[in-house]
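Here the structure comes first, spelled out in structure tokens, and everything after it is commentary.
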């Protein structure tokens with residue numbers, strides 16, 4: 001049986017379907033670059049204003065125009081852009097994102113990537129702060145534990161500079177394998193358990209963290225506990241965080257929903273598909289009343305408090 005080709009959907013499709021009945025993804029991928037097609041993908045129950053707290057920009061021609069156009073189409077007022085390691089040449093990284101946020105300061109926040117194991121990591125934090133960045137992207141899956149005492153100076157510097165840690169949690173998806181092989185830099189999902197940041201959150205209570213993907217399909221309950229029990233920990237349900245969202249809604253697990261954000265975490269053309277999938281998860285759980293908080297209100301409060 002054919003299935004939807006969108007990474008976060010994979011719903012069954014009939015042979016004659018031109019688009020996925022669940023997320024709206026087209027069988028003909030050439031339609032993804034057609035703004036008129038995207039504008040016709042229905043997104044029901046969406047708040048009129050959306051804030052995207054986890055977005056990437058693929059290094060392809062015209063991506064900025066695509067991003068700005070999608071933001072206009074779907075009422076996205078502000079976006080937190082995720083940086084990437086220098087080896088990830090398929091994505092925009094530190095310098096390009098910082099320049100973009102400087103040029104469009106009313107539309108974008110830019111994160112800056114750093115690996116705390118490198119020489120000069122704390123100096124890099126100082127440089128990010130001077131440049132006006134407020135968010136630091138971290139990938140423990142590159143091979144380190146967040147609670148290693150060797151990083152205490154790094155976390156203390158982030159806390160002093162009032163920088164927000166944006167931390168990948170959850171299983172590393174198969175879509176990254178080709179790029180890992182190309183870069184010669186392989187990641188390990190074992191370091192993506194949110195509990196590796198429990199000790200860090202306790203040691204540095206003024207260090208604010210966002211757990212990307214909220215632990216995903218495997219560690220969603222750990223992510224929920226981190227967000228709920230620590231005043232300085234938030235979570236996003238971007239990308240494979242959709243599966244964390246579904247499981248948490250249906251299990252009735254305790255979660256402080258005022259500290260959870262939505263994000264696209266895909267190319268700009270994917271906005272309607274991701275919005276549909278996340279809204280469907282809320283609708284199926286009888287929890288549509290959470291939509292304004294997840295898609296707008298929580299992010300607005302966080303931005304006003306920590307990203308100015």
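Please treat every number below as a calculation from the coordinates, not as lab data. Everything numeric here is computed off the predicted structure, so don't read it as measured data. Please note: Cβ atoms are built from the backbone with ideal geometry, for glycine as well, and neighbour counts cover all protein chains shown.
Nearest 0.05, what FRET efficiency do residue 39 and residue 102 give at R0 = 25 Å with Cβ-Cβ as r?
0.25
Report the extension gain between residue 254 and residue 121 in nm, rounded to one decimal, defined as 0.36 nm multiplied by the number of residues separating them, less their alpha carbon distance.
Numbers: separation 133, 0.36 × 133 = 47.88 nm, distance 3.58 nm.
The span from residue 254 to residue 121 would gain 44.3 nm if fully extended.
Could you work out [θ]222 nm for the chain from helices alone, using -39500 (n - 2.57) per DSSP H run of at least four and dividing by all its residues? Round to the nearest 500 deg cm²/dmol.
Computed ellipticity for the chain at 222 nm equals -9500 deg cm²/dmol.
From the square roots a ≥ b ≥ c of the eigenvalues of the alpha-carbon gyration tensor of the range 248-308, which class results: rounded (a/c under 1.5), prolate (a/b over b/c), or oblate?
Taking the square roots of the gyration eigenvalues as a ≥ b ≥ c, the range 248-308 is oblate.
Order by neighbour count: 271, 144, fewest other Cβ atoms within 10 Å first, most last.
Exposure proxy ranking, most exposed first: 144, 271.
To the nearest 10 degrees, how steeply does helix 152-161 sit against the main Cα axis of the chain, on a 0 to 90 scale?
Tilt of helix 152-161: around 70 degrees.
Antiparallel as a % of all DSSP beta bridges within the chain, to the nearest 5?
10
Can you pull the percent of Cα pairs in the range 51-306 with separation above 21 Å? Intermediate values should be presented prior to the final figure.
Numbers: 18128 of 32640 pairs.
I get 56 percent for the Cα pairs in the range 51-306 exceeding 21 Å.
For the range 110-242, what is the largest minus smallest coordinate of the Cα atoms on each principal axis, given in angstrom and ordered from greatest to least?
So the three principal-axis extents are 37, 36, 27 Å.
So if we plug the beta-carbon distance of residue 300 and residue 182 into 1/(1 + (r/R0)^6) with R0 = 45 Å, what FRET efficiency do we get, rounded to 0.05?
About 0.75, to the nearest 0.05.
For the chain, take the longest principal axis of its alpha carbons; what is the angle in degrees between that and the long axis of helix 241-251, to the nearest 10 within 0 to 90?
The angle comes out at about 80 degrees.
Please determine, in degrees from 0 to 90 and to the nearest 10, the orientation of helix 121-131 with respect to the longest principal axis defined by the Cα atoms of the chain, where the helix direction is its Cα long axis.
On a 0 to 90 degree scale, this one is about 70.
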